[in-house]
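J.: Let me give you the structure first, and then I'll get to my questions.
Every read-out reported here was derived from the displayed coordinates using simple, explicitly stated rules and does not represent laboratory data. Everything numeric here is computed off the predicted structure, so don't read it as measured data. Note that each Cβ is placed from the backbone with ideal geometry, even for glycine, and that neighbours are counted across all protein chains shown.
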Amino acid sequence: MGILYGLIGLVILIIIVCWAYIVNKGNAHFELKVAERTPFELVEIQEDSITLNCQVAMVNKGEQLGTIMDCYTRHLLPYEQFDGVQVFSKVELETARREDDYFEALIIERNRRVNLVVTVKLTARKNSDIKSTLAQMVDMPIDIVYQQVTRADWHIEKARIEMKASEVASVANVTLAD
Amino acid sequence: MSEIEIIPVPTRILTDKDDIVDIMEKYAKDKIGPNDVISVAESVVAITQGQIVRPEELELCFLARVLCRFIPEAGSLASPYGMQALMDVEGKWRVFFAFIVGMIAKVFGKSGVFYKLGGEQTALIDDVTGTMPPFDKHIVYGPDKPFEVVKQLKERLGCFGAVIADVNDLKRSRIVGVTEGTDGEKIAHLLIDNPFGNASQKTPIVIIKNFSQYQAKS
């Protein structure tokens, strides 16, 4: 009986040691620094469209490296709110810009940050004059969605930035209507 | 005497729809001679064989979740998906046994036991980001029957030899499959600077010109 108790005790001890090791080693922990995003800047303006971009940092605050498998934007501008523009948006790694909108899986080591570039193109839907259209522009939320693989199960998270109408108007040099 | 020369050969992106021997013939036949060796990147051979899986397709078991935590963070088995991919092909209990024995061996100062006992895929699996898009989001296994593949390559191309190599920018160069009579160790040394380039350079073939003379001389 004593041997049995001894074995049970040993198994419990091993489980506790393993658990303590795993907890102590930690995991990757990604955070998008949305509050610190840079202002939207002009990339290109044409008669019927305007393209702007800003930068947002992705930080690994954890104790282990982790992988961002994919990252993409989801802009939210329903026509019920404003139907003057067609929106296109994308996110890229600052150091690996791509024309094909493909986000190459990326390892981020602990305590490291990478910069993401969010690009938004607004095209006038009802006329060919983006400047007059933008006078009616509204604030537009953009979710940055990312899939991560770490020491735990893969999962998808998102963080939101907001492209302010006043920002767009300022960049395009137009005055917002009241 | 002809000098040894290393020539990377660019290709289009290869997929599981391609036959590796046909592709090598298409891209390398006119560049390779009877004294040369053809070297193919391990991950590309595996991809053409369909030896890939997406993490989303794997069902994690408890053991994979726990064991991966004991692998150094940069290793391909450090994610539960890399570990599960290994368990799916080599067997969960075999991997577990190899892990326990490997850990005990490490306590006594012997490294690499886990990789020896865990099955041939233990050292060959590449976790996500290990290869070029669109396979950067896949776990890529090591190639299937590498020695058969190199034999077919040599026969088809009429060259001195053929190898499948696992090379990276961290100065790791390892031969996974090699034809009889070809010195794999010498080739591994020649490939140490990774002439295959980085993942996006699309040069999965490297021709080593005049290798037969080089091997005979040294």
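J.: Using 1/(1 + (r/R0)^6) with R0 = 35 angstrom and r between the beta carbons of residue A:46 and residue B:13, what's the FRET efficiency to the nearest 0.05? Write out the running numbers ahead of the final one.
T.: On the way: r = 34 Å, r/R0 = 0.96.
For residue A:46 and residue B:13, the calculated efficiency is 0.55.
J.: Right, another one. Ignoring solvent entirely, what values of log10 I(q)/I(0) come out of the Debye formula for region A:28-172 at 0.09, 0.18, 0.21 Å⁻¹ when each Cα is a single scatterer?
T.: -0.30, -0.99, -1.24
J.: Exactly which trypsin sites (Lys or Arg not before Pro) in region B:1-75 are in a DSSP loop and have at most 14 other Cβ atoms within 10 Å?
T.: Details: sites: B:12, B:17, B:26, B:29, B:31, B:65, B:69; in loops: B:12, B:17.
Listed in order of number, the matching sites are B:12, B:17.
J.: Once you have the alpha carbon radius of gyration of chain B, what is it after dividing by 2.2 N^0.38 Å, with N set to its residue count?
T.: Details: Rg = 18.1 Å, N = 218, 2.2 N^0.38 = 17.0 Å.
After normalising by residue count via 2.2 N^0.38 Å, the value is 1.06.
J.: Taking a ≥ b ≥ c as the square roots of the Cα gyration tensor eigenvalues, with a/c under 1.5 meaning rounded and otherwise prolate when a/b beats b/c, else oblate, which class fits region B:126-192?
T.: Numbers: a/c = 2.60, a/b = 1.54, b/c = 1.70.
Since a/c reaches 1.5 but b/c is at least a/b, the shape of region B:126-192 is classed as oblate.
J.: Compare A:72, A:146, A:102 in a GNM of chain A, Cα atoms joined below 10 Å, and give the one with the largest fluctuation.
T.: With Cα springs under 10 Å in chain A, the top fluctuation among A:72, A:146, A:102 is at A:102.
J.: Most mobile of A:57, A:96, A:165 per a Gaussian network model of chain A (Cα springs, under 10 Å)?
T.: A:96
J.: Around residue B:116, under 13 Å between beta carbons, what's the net of Lys plus Arg minus Asp minus Glu among the other residues? Intermediate results must be reported in sequence, preceding the final value.
T.: Details: positive: B:94, B:106, B:110; negative: B:90, B:120.
In short, +1.
J.: What FRET efficiency do you get for residue B:101 and residue A:129 if R0 is 51 Å and r is their Cβ-Cβ distance, rounded to the nearest 0.05? Walk me through the intermediate numbers first.
T.: Values: r = 73 Å, r/R0 = 1.44.
With R0 = 51 Å, the Cβ-Cβ based efficiency is 0.10.
J.: DSSP loop trypsin sites (Lys or Arg not before Pro) in region A:1-110 with at most 10 other Cβ atoms within 10 Å of their Cβ, which ones? Can you show the working numbers first?
T.: On the way: sites: A:25, A:33, A:37, A:61, A:74, A:90, A:97, A:98, A:110; in loops: A:33, A:37, A:61, A:97, A:98, A:110.
Counting only loop positions with at most 10 other Cβ atoms within 10 Å, the trypsin sites (Lys or Arg not before Pro) in region A:1-110 are A:97.
J.: Find the centroid of the Cα atoms in region B:30-86 and in region A:71-91, then give the distance between the two in whole Å.
T.: 38 Å
J.: Give, as ranges by residue number, the residues of region A:43-80 whose backbone N falls under 16 Å from the point 7 Å along Cα→Cβ of residue A:94.
T.: Within reach of a label on residue A:94, which here means backbone N under 16 Å from a point 7 Å along Cα→Cβ, region A:43-80 contributes A:53-60.
J.: To continue, here is another question. Of the residues A:161, A:14, A:107, which exhibits the maximal mean-square fluctuation in a Gaussian network model of chain A defined by a 10 Å Cα contact cut-off?
T.: Highest fluctuation among the options: A:14.
J.: Then there's this: Under a plain spin-label model, where a point goes 7 Å from the Cα along Cα-to-Cβ, how far apart in nm are residue A:139 and residue B:171?
T.: Calculated label separation equals 5.4 nm.
J.: How much of the DSSP bridge set in chain B is antiparallel, in percent, rounded to the nearest 5? Walk me through the numbers on the way to the answer.
T.: Working: 17 of 22 bridges.
So the antiparallel bridges in chain B amount to around 75 percent.
J.: Based solely on C-alpha atoms, express the radius of gyration and the Dmax of the protein assembly as shown in angstrom.
T.: 26.5, 88
J.: Oh, and also: Work out the length of the dipole vector of the protein assembly as shown about its Cα centre, built from +1 on the beta-carbon of each Lys and Arg and -1 on the beta-carbon of each Asp and Glu, and round it to the nearest 20 debye.
T.: Details: 44 positive and 54 negative charges, 252 e Å.
In debye, rounded to 20, the protein assembly as shown gives about 1220.
J.: Which order, highest average first, do B:148-158, B:50-60 follow once you tally other Cβ atoms within 10 Å for each residue and take the mean per peptide?
T.: On the way: B:148-158: 18.5, B:50-60: 16.0.
Highest to lowest by the protection proxy: B:148-158, B:50-60.
J.: A further question on this structure: Under unit Cβ charges (Lys, Arg +1; Asp, Glu -1), what dipole magnitude, rounded to 20 debye, does chain B have relative to its Cα centre?
T.: Details: 25 positive and 29 negative charges, 93 e Å.
So the magnitude is around 440 debye.
J.: Quick one: net charge around residue B:90, please, counting Lys, Arg +1 and Asp, Glu -1 for every other residue with C-beta under 15 Å from its C-beta.
T.: 0
J.: In terms of Cα to Cα distance under 20 Å, which aspartates and glutamates are near enough to residue B:186, apart from those fewer than 8 places away along the same chain?
T.: Cα-Cα hits under 20 Å: B:3, B:5, B:36, B:42, B:166, B:169.
J.: So what is the 222 nm mean residue ellipticity for the protein assembly as shown from helices alone, if each DSSP H run of at least 4 adds -39500 (n - 2.57) and you divide by all residues, rounding to the nearest 500 deg cm²/dmol?
T.: Values: 12 runs with 117 residues, N = 396.
Dividing the helical sum by the residues of the protein assembly as shown leaves -8500 deg cm²/dmol.
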